[in-house]
Amino acid sequence: MADRPVGRLLHLPTATARTEGPGDGDGAGRGDGAGDGAPWAELHAHSSLSFLQGASEPSALVAEALRLGVEVLALTDRDGLYGARRLAEAADGTALRTVYGAELTLTDHGLGRPVVLARSMEGFQRLSAAITAAQLAGTKGNPVYDLDVLARAANSEHWAVLTGCPVVDDPGEDIGDLTDVSRIARRLDALGEVFGSGTVHAELIDHRLPVDTPRNDAMFVAARRTGSGIVASGAVHYATPAQARLAQSLTALRRVETLDQAAGHLMAAPTAHLRGGAEMEERLARYAGVFADTVELGRSCVLNLAELRPELPVFPVPSGHDDDSWLRELAGRGCTRKYGPRGAPAAAKAWQQLDHELAVITERRMAGYFLTVHDIVDFARRRNIWCQGRGSAASSVVCFVLDITAVDALRHGLLFERFLSMEKSGPPDIDIDFENHRREEVIQYVYDRYGRDHAAQVANLITYRPKLAVRDAARVLGYPAAAVNAMTRSLHHRPARPHGTGDAPDDGPDPDIPADVVALAAQLRGLPRHLGVHSGGMVLTARPIGTFMPVEWATMPGRSVLQGDKEDVAAAGLVKIDLLGVGMLAALHSAADLIAEHHGRQVDMATIPQDDPAVYAMIARADTIGVYQAESRAQISTLPQLEPTCFEDLAVAASIIRPGPIQAGSKHPYLRRRAGEEPVTYPHPSAEAALKKSLGVVLWQEQAIRLAVDCAGFTPGEADRLRKDLTAKDSTEKVARLRGRLLEGMARNEIGPDAAERIVTMIESLSSYGFPESHAQSMAGIIYASAWFKLYYPAALIAGIMAHLPMGFYDSQTLIQDARHHGISVLGVDINASAVHARLEDDLAGPARGPAIRRGLTSVHGLSEDAAAALLAARADRPFQDLDDVARRGGLDARLLEQLATAGAFGCLGTGRREAIWRAGAHVRHRQLVLPGLDALPEAPDLPAMTPGETTLADLIATGATAGPHPVHHLRGYLGRHGAEPVAAVRTRPARRRIRVGGIVKYLQRPPTANGMAFAVVEDETAMANLVFTPPVWARVRRTILDAPAVLLDGHIEREYDVTNLIVHTAHPLQVTPPQDEADRAASRDL
């Protein structure tokens, strides 16, 4: 790759000794010793949660503060309390005491960016509410503070206000401003007018820059003049000098500039790091009393956030009831409906379990939570929105009888204590899946019912992953956009590596990524990038939610989001309800509507016949394209070996192809044991109770927890901690910390080292993403339902899926091919026949016994649902007569008319594609009424019809897929003359035979658990086959696979348990030029 001309990281000066006056000390050392004897309170520190400003995580700041012997550490991220709970967690159990504050952007008011520290729990809540008010008064990333609101909130008893960092981004501020005593005094007075004179403290900041001493001297004098308090801080932006270069890059990224472009705004020296007490005491010696006053103020601001106790809103119940009695009433009705009346022998176990669960709910004061969730589900059902609960909630009979979940916990033997118990700390976590395209209705219902002051969504912390880290690193270093795209094209899960390195001999370097990009990307990786929105988490509170955690706007209109992710929310004691969107529920609902319309049968998730052997047989032969969570390459390879015959087998199928069980080595032993090819064994007899259901291997989180209890003697509290750690974002690291405790406990129970290591490996593996059995049971319900639809109404299912793309594993072309393989005709877009989305219509000409699928108008790129609905509204009066009629009544611009013409949508009007494209391109949208007959377009010239290959290409351009011949069909003659067999031959040729095929490679995967292996499929007009690339082969062919639209593949066939793979040896771009004969010329032209 060519060298770039600009953007090298600045060469920062090494911190050296300087003597500028009394107390300057002997240089910029880090305070090498841990705990040097002098207590210190750092009152102004930015973490990486000051997005693209601080360079260190709160945990890194805590670790360095402890090393230096710092007594008090304040986290003061900009315009938020983003890192408050992380600071509390990192410091918990250590000698470090914590303070919470924020740097407020008041530059528009001429007050700079003062730091507000909470001095009491009331002060913390006032600060949180003030930030919330400012964030919601502005736009995302641009809070607007009302000084009157701040003035009402401020109080010297509850807040301490520091003057904050100099505003280095203000072009109007120069050295004269920074050292002008009168100007500084006026600012101190102005801050005092807003926050109260007894609240404001002048802040001395020394980054060992030439300007620091005169600025601090002026600040000291001005504070004495105005009677303000005086404290000092390091205005910390990173834990140690090692992060200084990273901090420069973050500043440039925040400014959307390269390092060279941002040079005047970067920190000039690596000195904005934490320091110990002895160094700070020495540097502050010239300012009498400041060191001691800083420590005293810090100590006065120490808070324990665990004292905050948020509560749920009061749920309205009928007169004569409270939350507990009304929940008992509703649950009793549901239990009678599902199991039978109380006293009936057959229902005795259900009522006993219901009474037990209700007692725990009452003791935990959670009845209002269950009533709230029931109300949300009831709203969805009243609006005909399909939904079902999942996760650990499926372990609850209460949730089942309230119709929150669809899984009968009694029938499947699920453990309620995994969901809620007296020993389990924190609130329960109920996840509810809704149709994805209607989830917003549910979210807005929650906002409307409880008010935006009492409801907010949980944030999702977007962190730097390998591809984004490389992209931003290259961009800030000044590489051109084309080079940046080239660097990131082939990155997947693993970090980038410079040329000449590799994790393994067969896993080569990334030669297209320069070393400076790799180095900076490694520092960026894992740091927070920005705040997103959690996939569905919502929090409700009785008091205004912004008093517990600030709220800000999300990017999506109408969404307000907390300044914390799910772990921060849990740490704050806030109760989360997950309102999730699942595309398959929407597809199944659409399919059910189509079945009712075309077959006259009403079906839904609750009325689908259960335990149909034919459904399980279809799944077992891996005919599962379009089946929820059973259609991926890995699942299709596993199902013939698993041969599911019952609902519990589907739960296994949903669980076994996950990173956790894969890393535990569970898949192959389970399948062999299930087939009777090897005996069921356990690492130790004490593990049998936990692992018996899964034949001695680990699949679910409940098993990991029970292994810890049965084998290592974990207490209920320790088991609850393990449960939380298994689901945490940094679960791998958290569970790894328990290794010593696990091994120690097993040693006490006389479990040998080999068995103990196997058990610990099982537990640790589930930190790499596994889920509870109850979640798997919920997923199994949707797997079965979608399989039932596919078996009995395949056209309706495929149309339903196509109506809600993108979703699932496959694109439209693969779905169309699967429909054809099942004898279903697929028809292209038609201006007078297509609906907004895919639909069914009578198949008058095709061979299918059922209806055909007609592609929807929205399958045309750029045509929105609103535009499609407008076409249908116009068409409702009378069918369109010609393209001019569409232009007049449809309200589409020339670009969309061209797209429809390219897709062949006007064929029903007797207009060929070329002519339609010509006329659409000449059309200008009518903006004024004109006399009839004067708005017609001139006749098109005599244009030749498109060839079959051109028609296919036009379909692909306009809709991404074709209802006509598959693209590879047009090259079949060419492929045959070059020794390529149809892909279908991979299934019929004997194992170990070498074969050449040609087609389109799709659905590439390179999972981190696969040790460098890559997987994909190759598709042509006859079939689709699995591809396997070993690491050395992938290193040779990856550029061809990634860049070529179609390829020739050589390899050999591997077959086991009726699962067939093509092990690729070589890959070449499918090049059809220069053609040698007329047949090849036709293929070349059509391609």
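The values are calculated or read from the model by the stated rules, or taken from the named source; none is laboratory data. In this text the structure is predicted, and so the values were computed from the model without any measurement. Neighbour counts run over all protein chains shown; Cβ positions are idealised from the backbone, glycine included.
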Legend entry - Test: residue in segment 626-646 that is outside the structural domain of residue 745 (by TED's automatic domain parsing), under 28 Å from residue 1003 (Cβ atoms) and assigned to a helix (DSSP H, G or I): no
Legend entry - Among the candidates 990, 1031, residue that is modelled with pLDDT under 95 and under 35 Å from the mean Cα position of the chain (by Cα): 1031
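So which of 538, 549, 556 is in a loop (DSSP other than H, G, I, E, B), at pLDDT 90 or above and among the aliphatic types (A, V, I, L, M)?
None of the others qualify; the one that does is 549.
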Inset, instruction - Select from segment 354-371 the residues that are among the β-branched types (Val, Ile, Thr) and surrounded by 22 or more Cβ atoms within 10 Å (Cβ to Cβ) and list them in ascending order. - result: 361
Legend entry - Checklist (1) under 22 Å from the mean Cα position of the chain (by Cα); (2) more than 20 Å from residue 101 (Cα to Cα); (3) crowded, with 22+ Cβ neighbours inside 10 Å applied to residue 592, failing item: (1)
Legend entry - Residues that are assigned to a loop (DSSP other than H, G, I, E, B) and either over 26 Å from residue 415 (Cα atoms) or among the acidic types (Asp, Glu) (or both), drawn from segment 743-775: 750, 751, 752
Legend entry - Residue, surrounded by the most Cβ atoms within 10 Å (Cβ to Cβ), within segment 559-573, restricted to residues that are among the charged types (D, E, K, R) and in a loop (DSSP other than H, G, I, E, B): 565
Inset, instruction - Starting from segment 396-410, keep only residues that are under 11 Å from residue 338 (Cβ atoms), then list their pairs with residues that are surrounded by fewer than 24 Cβ atoms within 10 Å (Cβ to Cβ) and among the basic types (Lys, Arg) whose Cβ atoms are within a distance under 6 Å, requiring at least 6 positions of separation or different chains. - result: 401/338
Inset, instruction - From the list 1062, 1042, 1087, 1049, pick out the single residue that is at pLDDT below 90, closer than 22 Å to residue 633 by Cα and of a type outside the set (D, E, K, R). - result: 1042
Legend entry - Members of segment 602-625 that are in a loop (DSSP other than H, G, I, E, B) and not polar (S, T, N, Q): 603, 604, 605, 606, 608, 609, 611, 612, 621, 622, 623, 625
Inset, instruction - Of the numbered conditions (1) crowded, with 20+ Cβ neighbours inside 10 Å; (2) more than 15 Å from residue 430 (Cβ to Cβ); (3) under 34 Å from the mean Cα position of the chain (by Cα), residue 381 fails exactly one; give the number of that condition. - result: (1)
Legend entry - Selection from segment 446-503 of residues that are modelled with pLDDT under 75 and either of a type outside the set (Ser, Thr, Tyr) or within 21 Å of residue 529 (Cβ to Cβ) (or both): 491, 492, 493, 494, 495, 496, 497, 498, 499, 500, 502, 503
Legend entry - Residue that is modelled with the lowest pLDDT, among those in segment 392-420 that are within 12 Å of residue 373 (Cβ to Cβ) and buried (at least 24 other Cβ atoms within 10 Å of the Cβ): 393
Inset, instruction - Only one of these is of a type in the set (Lys, Arg), at pLDDT 90 or above and either outside any loop (DSSP other than H, G, I, E, B) or surrounded by 12 or more Cβ atoms within 10 Å (Cβ to Cβ) (or both): 875, 919. Name it. - result: 875
Inset, instruction - Output the residue which, of all residues in segment 288-332 that are among the basic types (Lys, Arg) and assigned to a helix (DSSP H, G or I), is surrounded by the fewest Cβ atoms within 10 Å (Cβ to Cβ). - result: 299
Legend entry - Per-region count, segment 333-353, residues out of contact with any Lys or Arg (no Cβ under 9 Å at 6 or more places or on another chain) and under 20 Å from residue 323 (Cα atoms): 3
Inset, instruction - Looking for whichever is under 21 Å from residue 1070 (Cα atoms) and touching a Ser or Thr at 6+ places or on another chain (Cβ under 7 Å) here; the options are 968, 986. Which one fits? - result: 986
Inset, instruction - Being touching a Ser or Thr at 6+ places or on another chain (Cβ under 6 Å) and among the polar types (S, T, N, Q) is the filter here, so list the residues in segment 722-743 that pass it. - result: 731, 732
Inset, instruction - Tell me which residues, restricted to segment 949-981, are assigned to a helix (DSSP H, G or I), under 33 Å from the mean Cα position of the chain (by Cα) and buried (at least 23 other Cβ atoms within 10 Å of the Cβ). - result: 955, 958, 959
Legend entry - Neighbours by Cβ (under 9 Å, 6+ apart or cross-chain): first from segment 751-765, free of Cβ contacts under 8 Å to residues at least 12 places away in the same chain; second polar (S, T, N, Q) and in a helix (DSSP H, G or I): none
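Out of segment 603-625, which residues are touching a helix residue (DSSP H, G or I) at 6+ places or on another chain (Cβ under 8 Å) and under 18 Å from residue 387 (Cβ atoms)?
Correct list: 603, 604, 605, 608.
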Inset, instruction - Being under 21 Å from residue 666 (Cα atoms) and outside any helix (DSSP H, G or I) is the filter here, so list the residues in segment 699-737 that pass it. - result: 699, 700
Legend entry - Within segment 707-731, tally of residues that are crowded, with 16+ Cβ neighbours inside 10 Å and hydroxyl-bearing (Ser, Thr, Tyr): 2
